[in-house]
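Encoded as structure tokens, the structure appears first; notes follow it.
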Amino acid sequence: MALAIKGSRPTMTYTRCWYHCHAATMKGGHYSVIEDAAIVVRGERIAWIGPREALPPGAAEAVDLGGAWVTPGLIDCHTHLAFAGERSAEFELRLEGASYAEIAAHGGGIASTVRATRAASEEQLLDSALRRARQLLRDGVTCLEVKSGYGLDLPGERKLLRVARQLAGRLPLTVRTTCLAAHALPAEYAGRADDYIAHVCDELLPALAEEGLVDAVDAYCEHLAFSPAQVERLFRAASALRLPVKLHAEQLSAQGGTQLAARYRALSADHLEYAGEADVAALAAAGTVAVLLPAAFYLLRERQLPPVEALRRHGVPMAVASDLNPGTAPVLSLRLMLAMACTSFGLTPEEALAGVTLHAARALGLVDSHGSLEVGKYADFVAWDIHRPAELAYWLGGELPRQVVFHGLEVTH
Ligand code: NIG
Ligand code: FE
């Protein structure tokens, strides 16, 4: 099924108005509702939003939304969406009692996706990535992050980041790319993790940054991946290239990654199940977003909950993301993550929605232009067939969008 923008973009700056809707603007990270709202869009951006009765005269074409609820377009700020193959056999092994770490230690896990990804062509990877991105889009996503991390050498990581860049030209989506070359140790560097990190810092990352393929740098700080000292070396290299950092931190065990991420003013620290009070205080002081990933928690049958109460108390913005990946999160709906973040982690539906809009934008460094319905931001929004915003976190599955608008134009599918 094709997904495209209806018609072509008019050449002149063009004003349209959407009305007969209620808006959960998510300004300030709250619903910040405008009842019986109107949204005026000039070109790609919101020019005016407010109660319909206060609508300034002169707006051009008007679209009746029939009483729908409008929210900002959803933002998936943590995905590993580009990869080859699938790992349902490992899912079966885990159900029989094998752990994620045991599977990884026997050459499965990330390493098996690396073998499949290295063997795939750029066209094959683009084709499967497009299929996954379309599914997210149908459920209201207008912006997403795509990490590399299944190539683990220069040609492989380049291939994945090129695929990520191409998604934005092929679909009505904003895409941010993250280089996750420090995701796992490739087989050819077995026993030489420091040498691999040196290669990433000195050759791989500078080359990909030079090619304009990298918006941010991430790493997996874990006993089965890289140590805080190795991650710090990478963060120094990223800083020298003026690239922002993010980190998979405290997912399976407490390693100190969260505080390291805070020291480098990371955009986000992600997972955080094993993070404690001092880690949360460090995130707050640094202004780093906590990205919660309920699908990996669920699929790994994890018991340790991320420190949501402490994150709230310290005022750390909480984003929610799919973590879409073939191992721990074969997720094709970001909206389903709202339900899981509420039921598993105890977020309120309002916090969960802020987690896939305003705070997700912050986790990607896009908060000035994305994540809420405010004048000057991109006109990326979804009109939903719901009666209250909490319904977005309530239905498990299904398709609720009545209309998706990207940069001021309706998306058809
Ligand atoms: O975010 N934690 C590391 N990376 C992924 C899992 C990747 C995989 O198993 O392929 C995650 O959960
Ligand atoms: Fe991840």
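State all residues of the stretch 51-110 that are among the polar types (S, T, N, Q) and surrounded by 13 or more Cβ atoms within 10 Å (Cβ to Cβ); if no residue qualifies, say none.
Within the stretch 51-110, 71, 79, 99 qualify.
Hey, among the residues in the stretch 64-114 that are more than 21 Å from the chain's Cα centre (by Cα), within 25 Å of residue 24 (Cβ to Cβ) and touching a residue at least 60 places away in the same chain (Cβ under 8 Å), which one's nearest to ligand 2 (Cβ to nearest atom)?
Among them, the one singled out is 69.
Pull up the stretch 309-336, narrow it to residues that are in contact (Cβ under 8 Å) with a residue 40 or more places away in the chain and closer than 21 Å to residue 288 by Cα, then point me to the one that is nearest to ligand 2 (Cβ to nearest atom).
For the stretch 309-336, the residue satisfying everything is 323.
If a residue has to be in contact with a Phe, Trp or Tyr (Cβ under 9 Å, 6 or more places away or on another chain) and basic (Lys, Arg) to count, how many in the stretch 367-413 make the cut?
2
With respect to residue 283, determine if the residue is within 20 Å of the chain's Cα centre (by Cα), of a type in the set (A, V, I, L, M, F, W, C), assigned to a helix (DSSP H, G or I) and assigned by TED's automatic domain parsing to the domain that holds residue 318. Don't jump to the end; show me each part of the working.
Numbers: within 20 Å of the chain's Cα centre (by Cα): yes; of a type in the set (A, V, I, L, M, F, W, C): yes; assigned to a helix (DSSP H, G or I): yes; assigned by TED's automatic domain parsing to the domain that holds residue 318: yes.
Taking the combined requirement at face value, the residue satisfies it.
Just one of 341, 261, 266, 249 is touching a Leu at 6+ places or on another chain (Cβ under 8 Å), more than 12 Å from ligand 2 (Cβ to nearest atom), assigned by TED's automatic domain parsing to the domain that holds residue 178 and under 30 Å from residue 134 (Cα atoms); which is it?
Working: 341 fails: assigned by TED's automatic domain parsing to the domain that holds residue 178; 261 fails: under 30 Å from residue 134 (Cα atoms); 249 fails: more than 12 Å from ligand 2 (Cβ to nearest atom).
Matching residue, one of 341, 261, 266, 249: 266.
State yes or no: is residue 276 in contact with a Lys or Arg (Cβ under 8 Å, 6 or more places away or on another chain), without any contact (Cβ under 8 Å) to a residue 40 or more places away in the chain and within 17 Å of residue 317 (Cα to Cα)?
Details: in contact with a Lys or Arg (Cβ under 8 Å, 6 or more places away or on another chain): no; without any contact (Cβ under 8 Å) to a residue 40 or more places away in the chain: yes; within 17 Å of residue 317 (Cα to Cα): yes.
No.
I need the full set of residues from the stretch 292-308 which are within 16 Å of ligand 2 (Cβ to nearest atom) and not in a helix (DSSP H, G or I), in order please. Spell out how you get there, then give the answer.
Here is the first cut: in the stretch 292-308, the ones within 16 Å of ligand 2 (Cβ to nearest atom) are 292-300, 302, 306.
Within the stretch 292-308, 292, 293, 300, 302, 306 meet the criteria.
What single numbered condition from (1) surrounded by fewer than 24 Cβ atoms within 10 Å (Cβ to Cβ); (2) among the aliphatic types (A, V, I, L, M); (3) in a loop (DSSP other than H, G, I, E, B) fails to hold for residue 316?
Against the list (1) surrounded by fewer than 24 Cβ atoms within 10 Å (Cβ to Cβ); (2) among the aliphatic types (A, V, I, L, M); (3) in a loop (DSSP other than H, G, I, E, B), residue 316 comes up short only on (1).
Based on this model, can you work out whether residue 195 counts as exposed (fewer than 14 other Cβ atoms within 10 Å of the Cβ), over 26 Å from residue 291 (Cβ atoms), assigned by TED's automatic domain parsing to the domain that holds residue 160 and without any contact (Cβ under 8 Å) to a residue 12 or more places away in the chain? Outline the logic, then answer.
Details: exposed (fewer than 14 other Cβ atoms within 10 Å of the Cβ): yes; over 26 Å from residue 291 (Cβ atoms): yes; assigned by TED's automatic domain parsing to the domain that holds residue 160: yes; without any contact (Cβ under 8 Å) to a residue 12 or more places away in the chain: yes.
Judged against the criteria, residue 195 is a match.
Which strands (runs of 3 or more DSSP E) sit wholly inside the stretch 34-90 and have at least 3 residues that are farther than 22 Å from residue 138 by Cα? If you could, list the steps in order and put the result at the bottom.
Details: elements: 45-51, 61-72, 74-76.
Result: 45-51.
Please state which one of 108, 97 is in contact with a helix residue (DSSP H, G or I) (Cβ under 8 Å, 6 or more places away or on another chain) and outside any helix (DSSP H, G or I). Working first, answer last.
Working: 97 fails: in contact with a helix residue (DSSP H, G or I) (Cβ under 8 Å, 6 or more places away or on another chain).
Result of the check over 108, 97: 108.
Return the residue satisfying two criteria in turn: it lies in the stretch 379-408 and is out of contact with any Asp or Glu (no Cβ under 8 Å at 6 or more places or on another chain) and either within 18 Å of residue 144 (Cβ to Cβ) or of a type in the set (A, V, I, L, M) (or both), and of such residues it is surrounded by the fewest Cβ atoms within 10 Å (Cβ to Cβ). Even if it seems obvious, please write down each step before you answer.
Step one: of the stretch 379-408, the residues out of contact with any Asp or Glu (no Cβ under 8 Å at 6 or more places or on another chain) are 380-383, 385-388, 391-398.
Applying the additional criterion that residues be either within 18 Å of residue 144 (Cβ to Cβ) or of a type in the set (A, V, I, L, M) (or both) yields 380-383, 386, 392-393, 396.
On the way: 380: 30, 381: 30, 382: 26, 383: 27, 386: 19, 392: 23, 393: 25, 396: 11.
Among them, the one singled out is 396.
The values are calculated or read from the model by the stated rules, or taken from the named source; none is laboratory data. Note that the structure is predicted; figures quoted are calculated from it, not measured. Heads up, the Cβs are rebuilt from the backbone with ideal geometry, glycines too, and the neighbour counts pull from every protein chain shown.
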